[in-house]
Amino acid sequence: MENVQFEKIKLEEKRCGEGGFDGFRIDRRTAIESEFTEEAVKRAEARFYRDLEMTLENPQENASSVILLKKSPMEPEAYRIHAEPGRLTVEAGEELGAVYALLFVSRRFLGVEPFWFWNDQTFVKRSEAGIPSGWYLSEKKPVAYRGWFINDEVLLSHWDGGRDETYPWEMAFEALLRCGGNVVIPGTDRNSKKYAALASSMGLWITHHHAEPLGAEMFLRAYPALNPSFREHPDLFRGLWEEGIKRQLGEKVIWNLGFRGQGDTPFWEHDPMYDTPEKRGALISSILEEQYALIQKYVPDPVCSTNLYGETMELYQQGFLRLPEQVILIWADNGYGKMVSRRQGNHNPRIPALPEPHLKNGSHGVYYHVSFYDLQAANVLTMIPNSMEFVEKELRNGYQRGIQKLWLINCSNIKPHVYPLDFAASLWNGEGLEPEAHLRQYLKRYYGSDDQEMQRCFQDYFSCTLPYGKREDEHAGEQFYNYVLRVLLSGWMRDGGRKPCEELLWCGPKESFGQQLRWFAGVCEAGEEGFSRLLLDCEQLAKQTDRDRLWKDSLLLQVRLHVFCIRGVLKFAKAYEEYEKADYFQAFYRLGQAADWFQAAQEAMMECEHDKWKGFYDNDCQTDVKETAYLLRLLMGYVRNLGDGPYFYQWQRQVIYAEEDRRVVLLTNEENHLTDAQLYQAMKRKRLQENVCYDRGKRLE
């Protein structure tokens, strides 16, 4: 197999001439004169002026230097810059070239990093910045289309960044451009249509969710009373596709072809007629051909793609899909960074998701997750649970197999995933940095230090993540603690744990509920020590670093989420042990402790809501650690009913009455019944006083 390597691109200058500094000086008086009229360039100019305000001191005189933006025949996205005293000439052939040129100047000479907004970069203002005389030339990037899918954006879409609801999206698109990106899926479902115009106005290409072919409206939203069957309503589907095409004709679009179904599920769930792979593949193939012909009716030489994702990957590998020529085939990882098909419920075929050697023509794409949502073990609030060495291996291998046309990274809500996103950008830009060198650079840029202890904490994070399986990618994000626990909790309340939970057949034992829970607790217990040790190290560093606020908001928060949720799981497991022994009093208390730990995870997020971040975590509705705490408290009521019902006064007497009064029951109770929460708080106070279990003399810890 041909050994394809990433092309290295250096962001340092290529200069002509010799001697000391005699070049272009940038200050707050610098003005831009432009031959470009495109809105994307106008926005880039305004962004550059804002960067000047952030990084340079306020001037006292009139403009003294000029940046001239000129149109010249050049390749798309390319630019060249010539610096000389009093003038900086920027030449580009189209809007993105001019946009990237200004961003290059901003980063290289003003020090504005790609994630300045998301990492709260601090700036020490200077009077001016200098660009040495000479030429600065762009280089072609190794990946043609480079972008993000802003997916599962439930935090981003309910937060205003301290301004308005559009501002976070503008900052997301800006960060993507600063990372060298040029394409975006600007949100999911309604958001993708709501913010497409903004993304386009900033110079980005638009593409589509694999469940929303051509960017068309979802069938069930347009026709909520109808069965979403193409067999029953072909003309209605065709009308939606055509409307979607017409709506986007003024934008740069990578037209995504496909036919998956409604709500990100296979279409045959709504049409049982398609009950064989042959039938399913035949319908998808005919629709792809029809969609491709429809686009060509309106768009000359369209750029098109189609996703080989989930069940469509299986159909393709089985030979049941026919694909139009000149279409980018988008291969997808499994949500955990491994280039195999994703797990669907308990079904996990792990079909390799890479082009075969005979398809290695470079016209392939990848849909890669640094954030994933699967109601099982993935990550939304925390980083991908696999290391950057692992990520590099998978993406580099894909590149060598021909995935060079399009890289689309699922970035979710951006802030929790800044470090992996920065690393992925270094790969698609061809910067040639090994993960360790990139990490040192990343820490220096955003934390002001490449301290070895900081490096070790970041590296240890990935070595601490819990292995829920034997394969290299099977490591758990924060959803593991929450969703597996909630499945077990539901089974406990449904039938007392008499049956194993079918929803967990993908991971743990199948024989009994108790075995499933003990397996779950064992996985968490094995990881608790490492994460707890890392938590102590991160907390110690928070007291030492100059960027303690960023450290607390980033790695420290994510480690806390892991540790607090793990501890909550272990208390939950202890509660079930007591329940099996019919010690409902102890089980009730352990459940309260479990709820406290998940509540602590929620509070850790709230502590990071400051300044512009106020409200950022309010809509944590996917992992939803507060929901886990709530459900644990519901389970407390279930257990209390078993041990203290039907009259609900015995436990109250045990907890709040003096020893000499507990068994004298002339009056069952002399005050209002305590709620579950009040009873649990009273138990905690009693424990602090005595540190013993009230009815048997057992220690509670």
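Residue pairs whose Cβ atoms lie under 6 Å apart, separated by 6 or more positions or on different chains, with the first residue in segment 590-605 and under 15 Å from His562 (Cβ atoms) and the second open to solvent by 20 Å² or more (accessible area, probe 1.4 Å), are Trp597/Phe564; Trp597/Arg567; Ala600/Phe564; Ala601/Phe564; Gln602/Lys626; Ala604/Arg560. Within segment 500-513, restricting attention to residues that are open to solvent by less than 20 Å² (accessible area, probe 1.4 Å) and farther than 16 Å from Ala575 by Cβ, the residue that is modelled with the lowest pLDDT is Gly508. Summed over segment 286-305, the residues that are touching a helix residue (DSSP H, G or I) at 6+ places or on another chain (Cβ under 6 Å) and among the hydroxyl-bearing types (Ser, Thr, Tyr) give a count of 1. Exactly one residue among Tyr368, Tyr336 is open to solvent by less than 20 Å² (accessible area, probe 1.4 Å), among the hydroxyl-bearing types (Ser, Thr, Tyr) and outside any loop (DSSP other than H, G, I, E, B), and that residue is Tyr368.
Among the residues of segment 379-404, write down those that are open to solvent by 30 Å² or more (accessible area, probe 1.4 Å) and farther than 30 Å from Lys552 by Cα. Answer for segment 379-404, where residues must be open to solvent by 30 Å² or more (accessible area, probe 1.4 Å) and farther than 30 Å from Lys552 by Cα: Arg396, Asn397, Gln400, Arg401, Gln404. Would you confirm, using the coordinates I've provided, whether Thr675 is farther than 30 Å from Asn413 by Cβ, surrounded by fewer than 17 Cβ atoms within 10 Å (Cβ to Cβ) and either modelled with pLDDT of 95 or more or within 25 Å of the chain's Cα centre (by Cα) (or both)? Yes. The single condition among (1) closer than 22 Å to Phe117 by Cα; (2) open to solvent by 10 Å² or more (accessible area, probe 1.4 Å); (3) of a type in the set (A, V, I, L, M, F, W, C); (4) not in a helix (DSSP H, G or I) that Leu198 does not satisfy is (4).
Quick grid of which residues meet (1) touching a residue at least 60 places away in the same chain (Cβ under 8 Å); (2) of a type in the set (Asp, Glu); (3) surrounded by fewer than 18 Cβ atoms within 10 Å (Cβ to Cβ):
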{"residue": "Lys415", "(1), (2), (3)": "yes, no, no"}
{"residue": "Val418", "(1), (2), (3)": "yes, no, no"}
{"residue": "Gly430", "(1), (2), (3)": "yes, no, no"}
{"residue": "Gln441", "(1), (2), (3)": "no, no, yes"}
{"residue": "Arg456", "(1), (2), (3)": "yes, no, yes"}
{"residue": "Cys464", "(1), (2), (3)": "yes, no, no"}
{"residue": "His475", "(1), (2), (3)": "yes, no, no"}
{"residue": "Tyr483", "(1), (2), (3)": "yes, no, no"}
{"residue": "Arg498", "(1), (2), (3)": "no, no, yes"}
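Of Ala46, Ala101, Ala83, all but one fail to be free of Cβ contacts under 8 Å to residues at least 60 places away in the same chain, of a type in the set (A, V, I, L, M) and in contact with a strand residue (DSSP E or B) (Cβ under 7 Å, 6 or more places away or on another chain); the exception is Ala101. Against the conditions (1) part of a helix (DSSP H, G or I); (2) surrounded by 23 or more Cβ atoms within 10 Å (Cβ to Cβ), where does Thr306 fall short? Just the number, please. Among (1) part of a helix (DSSP H, G or I); (2) surrounded by 23 or more Cβ atoms within 10 Å (Cβ to Cβ), Thr306 violates only (1).
Here Glu77 does not fit the description of being among the charged types (D, E, K, R), open to solvent by 20 Å² or more (accessible area, probe 1.4 Å) and at negative phi.
Looking at Gln689, is it under 23 Å from Ala595 (Cα atoms), open to solvent by 40 Å² or more (accessible area, probe 1.4 Å) and at pLDDT 80 or above? Spelling it out, Gln689 is indeed under 23 Å from Ala595 (Cα atoms), open to solvent by 40 Å² or more (accessible area, probe 1.4 Å) and at pLDDT 80 or above. When Thr188 is tested against (1) touching an Asp or Glu at 6+ places or on another chain (Cβ under 8 Å); (2) polar (S, T, N, Q); (3) farther than 30 Å from Ile26 by Cα; (4) surrounded by 19 or more Cβ atoms within 10 Å (Cβ to Cβ), only condition (4) is not met. Test Glu251 against the stated conditions and say whether it is out of contact with any strand residue (DSSP E or B) (no Cβ under 6 Å at 6 or more places or on another chain), touching a residue at least 12 places away in the same chain (Cβ under 8 Å) and either closer than 23 Å to Tyr298 by Cα or of a type in the set (D, E, K, R) (or both). No.
Counting the residues of segment 104-122 that are of a type in the set (Phe, Trp, Tyr) and either in contact with a strand residue (DSSP E or B) (Cβ under 9 Å, 6 or more places away or on another chain) or farther than 26 Å from Met171 by Cα (or both) gives 2.
In segment 273-280, is there at least one residue being buried (at least 16 other Cβ atoms within 10 Å of the Cβ) and under 20 Å from Leu406 (Cβ atoms)? No, the conditions are met nowhere in segment 273-280. Taking Arg87 as the residue in question, decide whether it is open to solvent by 40 Å² or more (accessible area, probe 1.4 Å) and either over 30 Å from Ser554 (Cα atoms) or not hydrophobic (A, V, I, L, M, F, W, C) (or both). Yes; evaluated as a whole, the condition is true for this residue. Close Cβ contacts (under 6 Å, 6 or more residues apart or on different chains) running from residues in segment 674-690 that are assigned to a loop (DSSP other than H, G, I, E, B) to residues that are among the polar types (S, T, N, Q) comprise Leu674/Gln652.
Residues of segment 24-55 that are surrounded by fewer than 15 Cβ atoms within 10 Å (Cβ to Cβ) and part of a strand (DSSP E or B): Ala31, Glu33. Answer with yes or no whether Gln516 is part of a helix (DSSP H, G or I), crowded, with 20+ Cβ neighbours inside 10 Å and polar (S, T, N, Q). So Gln516 passes the test.
Checked across segment 620-636, the condition of being open to solvent by 30 Å² or more (accessible area, probe 1.4 Å), assigned to a loop (DSSP other than H, G, I, E, B) and at pLDDT 95 or above holds for at least one residue.
Scanning segment 56-64 finds no residues that are outside any loop (DSSP other than H, G, I, E, B) and within 22 Å of Ser138 (Cα to Cα).
Scan segment 454-478 for residues that are out of contact with any Asp or Glu (no Cβ under 7 Å at 6 or more places or on another chain), in a helix (DSSP H, G or I) and not hydroxyl-bearing (Ser, Thr, Tyr) and jot them down. Across segment 454-478, the qualifying residues are Met454, Gln455, Arg456, Phe458, Gln459, Asp460, Phe462, Cys464. Of the candidates Phe531, Phe564, the single residue that is in contact with a Cys (Cβ under 6 Å, 6 or more places away or on another chain) and of a type in the set (Phe, Trp, Tyr) is Phe531. Of the residues Tyr145, Tyr167, Tyr136, the single one that is more than 28 Å from Lys614 (Cα to Cα) and open to solvent by 10 Å² or more (accessible area, probe 1.4 Å) is Tyr145.
The values are calculated or read from the model by the stated rules, or taken from the named source; none is laboratory data. Values in this document were obtained by computation on a predicted structure and should not be read as measured data. Using ideal geometry, Cβ is built from the backbone for each residue, glycine included, and neighbour counts are taken over all protein chains shown. Calculation scope for accessible area: heavy atoms of the full protein, side chains included, ligands and nucleic acids excluded. Shrake-Rupley method; radii C 1.70, N 1.55, O 1.52, S 1.80 Å.
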